[in-house]
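What follows is one structure encoded as structure tokens, with my remarks underneath.
The values are calculated or read from the model by the stated rules, or taken from the named source; none is laboratory data. In this text the structure is predicted, and so the values were computed from the model without any measurement. A quick note on method: Cβ atoms are made from the backbone with ideal geometry, for glycine too, and the neighbour counts reach across all protein chains shown.
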Amino acid sequence: MEETEWKKDETPYLVFRCHKCKRYLYVKTIQKSKKCLQCGHMHKVSTILKSGEIIDGLTNAIKTVKERQNELALKEMGNRLEFRGSQDFTIVRKQKNKKSQLTNNDNENDYEEKFKKMLMEISKTYKEFPYYIIEVMAENYGIPNSELKILTRYFLKKGFLTRLENYLYSINCKSS
Ligand SMILES: [Zn+2]
């Protein structure tokens, strides 16, 4: 009679913040440890059980992570992110021609251009921003997650993107 009961997703999950990079994560409470996908910090579940929220079901856990992450992003925008003037962006536009010697295959180039446009878009509003903003924007720009990691690494290497000590990112418009 209660045969459908098992289908209900009531597995308890712990939603918590990474101790190192402060990003929100979820983990099954019966799991022993959880590695942060962003910074690689390893969390022992038994020691963080009291520091988070217990949420029933994977769907709810993911929803909660997104909600908390959104709240956090909004808070960070308000508190930590400096609003940027529009002058910097004008300079970038003038220098655009200097960057045309890049040679990549078409597909990569496509994402690279998109990514660059996206960074420009972000830099119009924020001088410093968390990686989360890049992820959210990439979704809007149709850049797949796998490409995003490669592009981020590449732009960091080029010096176009800079990772700051506090896990925020900034864009160096004057780099070539
Ligand atoms: Zn982390």
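Can you tell me which residue in the range 55-77 is farthest from residue 10 (Cα to Cα), limited to those that are aliphatic (A, V, I, L, M) and surrounded by 13 or more Cβ atoms within 10 Å (Cβ to Cβ)? Quick ask: steps written out before the conclusion?
Of the residues in the range 55-77, the ones aliphatic (A, V, I, L, M) are 55, 58, 61-62, 65, 72-74, 77.
Going one step further and asking which of them are surrounded by 13 or more Cβ atoms within 10 Å (Cβ to Cβ), we end up with 55, 58, 61-62, 65, 72-73, 77.
Details: 55: 9, 58: 8, 61: 10, 62: 13, 65: 17, 72: 26, 73: 28, 77: 34 Å.
Among them, the one singled out is 77.
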Reported set for the range 39-53 where residues are exposed (fewer than 12 other Cβ atoms within 10 Å of the Cβ) and either aromatic (Phe, Trp, Tyr) or within 12 Å of residue 29 (Cα to Cα) (or both) is 44, 46, 47, 50
Inside the range 147-174, the number of residues satisfying the requirement of being farther than 14 Å from residue 123 by Cα, assigned to a loop (DSSP other than H, G, I, E, B) and in contact with a Lys or Arg (Cβ under 9 Å, 6 or more places away or on another chain) is 2
Any hit, the range 56-69, residues being modelled with pLDDT under 90 and assigned to a strand (DSSP E or B) = no
Among the residues of the range 9-20, is any within 13 Å of the ligand (Cβ to nearest atom), modelled with pLDDT under 90, within 19 Å of residue 134 (Cβ to Cβ) and under 20 Å from the mean Cα position of the chain (by Cα)? no
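Condition test on residue 99, is it among the basic types (Lys, Arg), assigned by TED's automatic domain parsing to the domain that holds residue 165, surrounded by 13 or more Cβ atoms within 10 Å (Cβ to Cβ) and at pLDDT below 90? Before you say what the answer is, go through the steps one by one.
Working: among the basic types (Lys, Arg): yes; assigned by TED's automatic domain parsing to the domain that holds residue 165: yes; surrounded by 13 or more Cβ atoms within 10 Å (Cβ to Cβ): yes; at pLDDT below 90: yes.
For residue 99, the condition - among the basic types (Lys, Arg), assigned by TED's automatic domain parsing to the domain that holds residue 165, surrounded by 13 or more Cβ atoms within 10 Å (Cβ to Cβ) and at pLDDT below 90 - is met.
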Taking first residues from the range 131-149 that are among the charged types (D, E, K, R) and second residues anywhere that are surrounded by fewer than 11 Cβ atoms within 10 Å (Cβ to Cβ), the pairs with Cβ under 8 Å that are 6 or more apart or on different chains are 135/145
Among the residues of the range 29-47, the number that are more than 14 Å from the ligand (Cβ to nearest atom) and closer than 23 Å to residue 70 by Cβ is 0
Query raised in the report: Is it true that some residue in the range 105-117 is assigned to a helix (DSSP H, G or I), under 15 Å from the mean Cα position of the chain (by Cα), away from the ligand (no atom under 16 Å from the Cβ) and modelled with pLDDT of 90 or more?
Result: yes
